[in-house]
Amino acid sequence: MKRSLTYTPPQWNYKKANWSKFASRSDILITRININTRQIDKANKALTKAILSAAHECIPRGSRRNYIPYWSEELQALHEKVTEARDNVEKEPSVDNNIHLKAKTDRFRRESNTAVRNSWHKKTAQLNLEKDGQKLWRLVRSLNGESNRHSPIALEEEILKIES
C-alpha cells in the first residue's frame, strides 16, 4: 500500500514584512499568555497562536504559487475575457460564441507570446553570466513553467523517497 505525504512550505513574503510592527504586536500578544499554567501544551498552543496572529497581521501572504515573470495586468484582463467567452460557449453553445472564443483565445496567445519574448530579451540583456548563472537558470525554469518548489516526499514501505 502506497501512502504519500506532501509538504508545501508556508508562503510568507518576508521581504515585505513590517518587522517592527511584528515585534511590537507579538510582544503584546505574548504578554497576555498565562505562563504559570502547569499544562505546557496549552501554553505552547497559546504562544504559537500569538506568533501566527502577529505574523498574519504584519507579514503579507498570498503571492502567486507559480511566479510568471512576464504576467501583467493586460494579460490578466485578456485571460479573464477568454474565461468569460469560454463560460458563454458552455452556457449557450453557438457558432457565434465559438468564433468569439477563438478570437479571444488567439489574441491572448499572441499577446502572451509577445510578452514572453519581450521579457526574455529584457531579462537576458540585464544578466551577467559570470555572476548571475543561478539567477539565469531560475528564470529559464520559470519561463518554461517548471516549478522550483520542493518535490513531494512519499513514504512507501517505510522507505523515504522523493518523487519528481
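Data overview
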{"item": "Mean separation of Cα contacts under 8 Å, 6 or more apart, over the residue count of segment 73-143: relative contact order %", "result": "28 percent"}
{"item": "Computed FRET value (nearest 0.05) for Lys122 with Lys102, which takes r as the C-beta separation and R₀ as 30 Å", "result": "0.50"}
{"item": "Spatially near lysine pairs across segment 73-143, Cα under 18 Å, sequence gap of 8 or more or different chains", "result": "9"}
{"item": "Positive-end extreme of charge dipole, segment 73-143 - chosen from Asn98, His79, Thr114 (charges on Cβ)", "result": "Thr114"}
{"item": "Fewest-first ranking of Lys104, Lys42, using other Cβ atoms within 10 Å as the exposure measure", "result": "Lys42, Lys104"}
{"item": "Among Cys58, Asn18, Ala43 the positive-end extreme of the charge dipole of segment 18-58 (Cβ point charges)", "result": "Ala43"}
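None of the figures in this text is laboratory data; all of them are computed from the coordinates on show. Predicted, not measured: the structure shown is a model, and the values here were computed from it. Backbone-built Cβ (ideal geometry, glycine too); neighbour counts: all protein chains shown.
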